[in-house]
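Report on one structure; see the data block that follows.
The values are calculated or read from the model by the stated rules, or taken from the named source; none is laboratory data. Just so we're clear, the structure is a prediction, and the values are computed from it rather than from any experiment. In this analysis, Cβ positions are derived from the backbone assuming ideal geometry, glycine residues included, and neighbour counts consider all displayed protein chains.
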């Protein structure tokens, strides 16, 4: 149940519950015969008193929508048939879902979604996010940039625009890629609505259900989801401090013949590791030898702290084996939904054809806004500020970990990006630690679900980007206390999943 | 080849051609052994002199990238191997494409895309478009609305936002749907990036390759594409003045057991026909009897001329059989990429899960902008203006058709929307008429490709929305002259496809 009580609302909680259930029953989402959760259970789920739930159920019973039945609890009996629809059965949607839809549903998602909801609550120190700090760009800059765009192009800023993206944006991207050593002309670039869309389009264009792909283990959750939805088998390559263990790749490629190799070589999500130049060259050589495409996802390459990362694999690509994904979501703003894909023309052509079917084009105004920010120097200025800010926050996290974490905890200090990967002392379960720390208002992402086949229980991803340094220190101290309690056997008993009331 | 000479460019045409081909060869898009088009053919394709092409080919030969071979024409021999990549084969992308990608490629697309490009040229009277008139909303309104949004929400306008859409927008949509008789609460609504995205998501969620769907014949090209890409068999139901011939639907449903029925009941694309209330009720009854979902696509319901259309089928839906798609692309602006889907909660849940994989969310700023336009009354004002403007233009087209078209031409006068469907006199081929009229600067959409299994040759779709009334009159007169020439046997010989130089 996604429903939650709006505590700030003037509407009494029992009325909110009644209205929600009534709507569900009237729309047929709760079919006749469905048993409502017992009052006590419902009260716990929603964080209200049992009396509140009893009042709500009573009102529904008075309306003839539910009935209290001995031994069976409260059961849906309505809705009363509307005139003329007597005998019409509500449609049973689960019977109408495709195999793709069935692959979409998994307990993992529900847990993660709950976690993300929780981390958005005020007062919570969330290391679980994966987004840049929205405060790095002041809103008057957006206002000025919008004004300039509208002055220049007028209503064209809201009109339809080419599926491949507006020309000035593709020029800009080509120029920025050239600075990183990638020789893509604007015709080899297509704008997409973020790299997640690139992953979805590419899996649809390059794979069939049942195919295999290679990726890092752990890797980006959204990529694993794209693979799962497409019905792919994802084979994970272990990571170390220099990124994907490329020494293992050739044997895996020879054995599994993957449709492509997916990699985030720079400030990898979630480990923060960066693939060394030598490994980049070896990985590309394997791709060339076996004629396997590489999908290089590089959302974070701009966000280095002390020194720039090695060149993208795409910069080494002489024969068109690499498809390169980038985005302005991390360097500028995620709500713009503007990213890009750079690839040989046959790939771009197919992406454009599928885009026409998928959603026609990326929003026009966001594209102009990116161009305007770049033109005014604000894009690079914002990136410079992000480098300094995230670098300082990352160091603050490193210091706090050194200060507070008990022996046995290990982490990799990233050279850039948004994430730090923490390996807890052997035997500490990150999900249970999340329950502990959640009670004290600190959340993070347990790392187990980020592996293609479920990873170890003692890893987690901590993001430092959107928190003040003192909150980072405080949050890490709370985490460390939880780890100690765990090690001392004073932790809570294990509970299934992440309870909805973990953080209130 | 998508390349075109930039005529306003200071770079000589032969240099542009050389640069384009060189880039393609160096990137491996033109593999060694590929034969370049003969000089004369290339000159025709690009609209340049043969000498220009000869100069370009000569320079490429001098660089060792191509060779003139006797009897084989000009053949790609390069690129020279870069240092260290000797012996590395360029990747052969076609071998890496999925079955979905293969379904994407079709001659129809290429023709339509060419047509759409042509219609964008200055001076052309294009009846081929399908978009609202961008001039109906002055740009100062956008500027004001943006300013208000940024004042209210600041950088949140560019930050990430819920996959389901921002709450005020879902409230707004629920309210507007209520005015049309649809009882959807905000939790039954999800924002999507236009109805095309809705179609793509729904085909993925509700069908497997090989399944059957029912739709109108003719219907929206983007829907046929979505069906084709998913590997579906689309069965077309014939149309008349009252929309889909619902009398035939039950037998088709019983026979083919479609996964869903796709319909545009109001001001249908492309016929402009509107399904009568009685037929809406019958169609829904069939859906209920056979438990088949209806996907109701309603991008144009707001744009009526004299009187509102019958209620959406969704308004009659008591048991959750109807998934309703709407968009602000036609009533406000297509570049915003903001539409919606209203459906029973199980469908919304699945759409949300797939959206997270597909592209995470719709752009945030566009959502706030729609809310701001509505709040200021500008959305309804714009719709009222569009009704009056398009109504007048539609009447102008009707008058011009009456005045100029020879006997045997028939058309349906739509009650709203963007399109008029013209049946040319028997024996007139719309593709060949397009070539005739194209030479005189008038283009339109031949209707044949809008049928699931190719329709008659003598139908076409004319859009009147973005043209002044005098241009409509002039364009129709030119069209009619072409039809007369055709009937008099003076038309051009048939040519394959739509030639690139049809309109210059």
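May I ask you to verify whether residue A:362 is touching a strand residue (DSSP E or B) at 6+ places or on another chain (Cβ under 6 Å) and part of a loop (DSSP other than H, G, I, E, B)?
Yes: the conditions hold for residue A:362.
Within segment A:296-309, how many residues are crowded, with 20+ Cβ neighbours inside 10 Å and either more than 25 Å from the chain's Cα centre (by Cα) or part of a strand (DSSP E or B) (or both)?
Here the count works out to 3.
State yes or no: is residue B:374 over 21 Å from residue B:196 (Cβ atoms), in a helix (DSSP H, G or I) and assigned by TED's automatic domain parsing to the domain that holds residue B:450?
In short, no.
Quick check: anything in segment A:318-331 buried (at least 24 other Cβ atoms within 10 Å of the Cβ), part of a loop (DSSP other than H, G, I, E, B) and either in contact with a helix residue (DSSP H, G or I) (Cβ under 6 Å, 6 or more places away or on another chain) or assigned by TED's automatic domain parsing to the domain that holds residue A:450 (or both)?
Scanning segment A:318-331 turns up at least one residue that is buried (at least 24 other Cβ atoms within 10 Å of the Cβ), part of a loop (DSSP other than H, G, I, E, B) and either in contact with a helix residue (DSSP H, G or I) (Cβ under 6 Å, 6 or more places away or on another chain) or assigned by TED's automatic domain parsing to the domain that holds residue A:450 (or both).
Restricting attention to segment A:271-280, does a residue exist that is within 12 Å of chain B (Cβ to nearest Cβ), touching a strand residue (DSSP E or B) at 6+ places or on another chain (Cβ under 8 Å), crowded, with 21+ Cβ neighbours inside 10 Å and touching a residue at least 24 places away in the same chain (Cβ under 8 Å)?
no
Restricting to segment A:362-380, what's the tally of residues that are at positive phi and within 9 Å of chain B (Cβ to nearest Cβ)?
0
Does segment B:70-90 hold any residues that are at positive phi and either under 36 Å from the mean Cα position of the chain (by Cα) or at pLDDT below 85 (or both), and which are they?
B:71, B:84, B:87
Going through segment B:332-347 one residue at a time, which ones are crowded, with 22+ Cβ neighbours inside 10 Å and not in a strand (DSSP E or B)?
Listed by number, the residues that qualify are B:332, B:333, B:334, B:335, B:336, B:337, B:338, B:343, B:344, B:347.
Just to confirm my filter: which helices (runs of 4 or more DSSP H) fall fully inside segment B:173-291 and include at least 3 residues that are at pLDDT 95 or above, under 28 Å from residue A:204 (Cα atoms) and under 20 Å from the mean Cα position of the chain (by Cα)?
Answer list for segment B:173-291: B:195-206, B:221-229.
For segment B:414-426, indicate whether the set of residues that are more than 25 Å from the chain's Cα centre (by Cα), at pLDDT below 95 and closer than 29 Å to residue B:450 by Cα is non-empty.
Checked against the condition, which is being more than 25 Å from the chain's Cα centre (by Cα), at pLDDT below 95 and closer than 29 Å to residue B:450 by Cα, segment B:414-426 yields at least one hit.
Looking at B:425, B:446, which is the one that is more than 25 Å from residue B:301 (Cβ to Cβ) and in contact with a helix residue (DSSP H, G or I) (Cβ under 6 Å, 6 or more places away or on another chain)?
Residue meeting the stated conditions: B:446.
Looking at this structure, is residue B:167 more than 8 Å from chain A (Cβ to nearest Cβ), surrounded by fewer than 16 Cβ atoms within 10 Å (Cβ to Cβ), more than 30 Å from residue B:475 (Cβ to Cβ) and modelled with pLDDT of 95 or more?
yes
Which numbered condition in (1) surrounded by 21 or more Cβ atoms within 10 Å (Cβ to Cβ); (2) under 22 Å from residue B:97 (Cβ atoms) is the only one that residue A:290 fails?
(1)
Quick check on this structure: which one of B:393, B:432, B:448, B:402 is crowded, with 16+ Cβ neighbours inside 10 Å and either farther than 29 Å from residue B:228 by Cβ or modelled with pLDDT of 95 or more (or both)?
Only one candidate qualifies: B:393.
Go through segment A:1-69 and tell me which helices (runs of 4 or more DSSP H), entirely inside it, have 2 or more residues that are at pLDDT below 80.
It comes to A:13-26.
Only one of (1) in contact with a helix residue (DSSP H, G or I) (Cβ under 9 Å, 6 or more places away or on another chain); (2) buried (at least 20 other Cβ atoms within 10 Å of the Cβ); (3) in contact (Cβ under 8 Å) with a residue 60 or more places away in the chain; (4) not assigned by TED's automatic domain parsing to the domain that holds residue B:268 is not met by residue B:368, so which one is it?
So the condition that residue B:368 fails would be (4).
Check segment B:454-462 and report whether any residue there is buried (at least 19 other Cβ atoms within 10 Å of the Cβ), more than 14 Å from residue B:115 (Cα to Cα) and not assigned by TED's automatic domain parsing to the domain that holds residue B:239.
Looking through segment B:454-462, at least one residue is buried (at least 19 other Cβ atoms within 10 Å of the Cβ), more than 14 Å from residue B:115 (Cα to Cα) and not assigned by TED's automatic domain parsing to the domain that holds residue B:239.
Return only the number of the condition from (1) within 14 Å of chain A (Cβ to nearest Cβ); (2) modelled with pLDDT of 85 or more; (3) within 30 Å of residue B:431 (Cβ to Cβ) that residue B:93 does not satisfy.
Here residue B:93 meets the rest and fails (3).
Could you tell me which numbered condition residue B:414 fails, if it satisfies all but one of (1) within 14 Å of chain A (Cβ to nearest Cβ); (2) touching a strand residue (DSSP E or B) at 6+ places or on another chain (Cβ under 7 Å)?
(1)
Give the residues of segment B:119-150 that are surrounded by 18 or more Cβ atoms within 10 Å (Cβ to Cβ), more than 21 Å from the chain's Cα centre (by Cα) and outside any helix (DSSP H, G or I), sorted by residue number.
B:137
Looking only at segment B:316-349, filter to residues that are at pLDDT below 95 and more than 10 Å from chain A (Cβ to nearest Cβ); which one of those is nearest to residue B:194 (Cα to Cα)?
Within segment B:316-349, the match that is nearest to residue B:194 (Cα to Cα) is B:330.
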